[in-house]
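Right, one structure below, let's go through it.
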Amino acid sequence: MEDKYEALRLKNQLCFPLYLCAKEIQRRYTPYLDELNLTYTQYVVMMYFWEYGSSNVKAIGKTLLLDPSTLTPLLKKLEAKGYITRTRSERDERNLIVSLTESGEELKNRAVDIPCKIGKCLDLSEEEAAELYRILYKVLQNVEKEQ
């Protein structure tokens with residue numbers, strides 16, 4: 001007779017190893033990000049700016065899947081650290097434009113080696129990393145469809 005609670009076992013959960021991996025990888029980032037005085041989420045926001053430059057809050061939130069109640073305090077902290085500026089759009093004052101400062105751009109030089117350092121601890125081949133990336137983004141796309 002099959003155990004009706006079999007589906008609830010940790011070993012049968014895809015979400016559990018995903019959670020553990022995310023938690024442990026973020027933990028590996030900590031010493032590198034401490035040197036930059038950034039949290040992991042702040043680092044992700046900074047990577048957005050290093051890639052896209054100035055943007056409005058709505059676009060940042062959409063790309064990073066961060067809601068305004070999470071993103072606004074993050075942006076305020078990054079602004080207090082001198083890495084970004086937040087200004088109202090001249091065309092539409094409801095639109096907040098966020099831009100990198102010179103200090104925020106300089107921080108990129110200090111962060112550039114972090115992905116390689118993290119990649120070493122993952123110990124995946126390029127092919128394995130590419131496959132994992134593909135699968136994770138497929139999962140994200142499928143989950144977003146369901147919302």
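Have a look at TYR5, LEU75, ASN109 and report the one farthest towards the positive end of the charge dipole of the chain, computed about the Cα centre with Cβ charges (Lys/Arg +1, Asp/Glu -1). Of the candidates, LEU75 comes out farthest on the positive side.
Quick check: pseudo-label points 7 Å beyond the Cα along Cα→Cβ at CYS121 and ASP67, how many nm apart are they? Calculated label separation equals 3.0 nm. On the beta carbon distance between ARG28 and LEU136, with R0 = 22 Å, the FRET formula returns roughly 0.80. Shown is the FRET efficiency for ARG110 and ASP3, computed with R0 = 41 Å from the Cβ-Cβ distance and rounded to the nearest 0.05: 0.20. For region 1-110, applying the loop criterion from DSSP together with a ceiling of 10 other beta carbons within 10 Å to the trypsin sites (Lys or Arg not before Pro) yields LYS4, ARG9, ARG91, ARG94. Computing Rg and the Kirkwood Rh from the Cα coordinates of the chain gives a ratio, Rg/Rh, of 1.05. Exposed loop sites were defined as GluC sites (Glu not before Pro) in DSSP loop states (anything but H, G, I, E or B) carrying at most 15 other C-beta atoms within 10 Å; in the chain the longest segment without such a site runs 3-89.
A straight line joining the Cα centroids of region 92-147 and region 16-45 runs 12 Å.
Throughout, read-outs are computed from the coordinates displayed, never taken from laboratory work. Please read all numbers here as calculations on a predicted model, not as lab measurements. Neighbour counts run over all protein chains shown; Cβ positions are idealised from the backbone, glycine included.
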